[in-house]
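Notes follow the structure.
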Amino acid sequence: MRGWQTRYGASEDEFIWAVRNLSSWTSWSTGVRKANDDYGMIKEMYFGHNITGMYITADKYYQSHPEFFPEIKGKRVDFNHAKRRPQLCFTNQEMIECFKKEFEYHVSRQPGCKIYGIFAEDNYELCQCAKCREDIKLADGRVLKYGDPDFQSTRFFQFLTPIAEFAKKRFPNILISTYAYFFTEIPP
């Protein structure tokens, strides 16, 4: 995949410029459009920060499952009353199961894409609950401590891995994209 993240609603001229520069993806590729088929673009759905804006929303889940949402300064955050959408409680296993169902729902609503996005929100507002701060025991026996440079990215990818495994079984011909951005920039 090679491309340019231009602004949403980019002009046709920008799209054609990207094609002429041998791109296979642009911001315009985020959806099912005839131009994507005409130029052989890789189609991606659900680009952008979306784990709480689309998959696990406060409107749908907060009242019945506040534990899905991050604990910050001792309180679970209701995104409906926050300045911005912080991350989820990435260690909550029930939330991960709900996330899989939401992912399946959203993929089935927009068939025909090759890539479906699961992107952390645009901030460092991470859950501070005891479970999210627990040491991470790695398969090779090493232990990551809270505060280690790769702790938060590892925690995020531990959340994402079972979702990706589910997606591979349920939708074997699609890919998942995510960001190496903010706390996931450091490889897990």
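Before moving on, here are some points about what is shown:
- Region 129-149 - residue that is assigned to a loop (DSSP other than H, G, I, E, B) and of a type in the set (A, V, I, L, M, F, W, C) and, of those, surrounded by the most Cβ atoms within 10 Å (Cβ to Cβ): Cys129
- Gln87 being in a loop (DSSP other than H, G, I, E, B) and loosely packed, with under 14 Cβ neighbours inside 10 Å: no
- Pick from region 109-127, criterion part of a loop (DSSP other than H, G, I, E, B) and either basic (Lys, Arg) or over 18 Å from Ala58 (Cβ atoms) (or both), ranking: least open to solvent (accessible area, probe 1.4 Å): Cys113
Listed here are the residues, each with its yes/no results for (1) more than 22 Å from the chain's Cα centre (by Cα); (2) in a loop (DSSP other than H, G, I, E, B); (3) touching a residue at least 12 places away in the same chain (Cβ under 8 Å); (4) within 30 Å of Gly112 (Cα to Cα).
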{"residue": "Met41", "(1), (2), (3), (4)": "no, yes, yes, yes"}
{"residue": "Gly53", "(1), (2), (3), (4)": "no, no, yes, yes"}
{"residue": "Gln63", "(1), (2), (3), (4)": "yes, yes, no, no"}
{"residue": "Asn80", "(1), (2), (3), (4)": "no, no, yes, no"}
{"residue": "Ile96", "(1), (2), (3), (4)": "no, no, yes, yes"}
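- Which listed residue is farther than 24 Å from Ser153 by Cα, among the basic types (Lys, Arg) and at pLDDT 95 or above, from Lys100, Lys60, Lys114: Lys60
The values are calculated or read from the model by the stated rules, or taken from the named source; none is laboratory data. These numbers come from a predicted model, not from an experiment. Every residue, glycine as well, gets a Cβ built from its backbone with ideal geometry; the counts of neighbours run over all protein chains shown. Remember, those area values only see protein heavy atoms, side chains included, never the ligands or the DNA or RNA. Shrake-Rupley method; radii C 1.70, N 1.55, O 1.52, S 1.80 Å.
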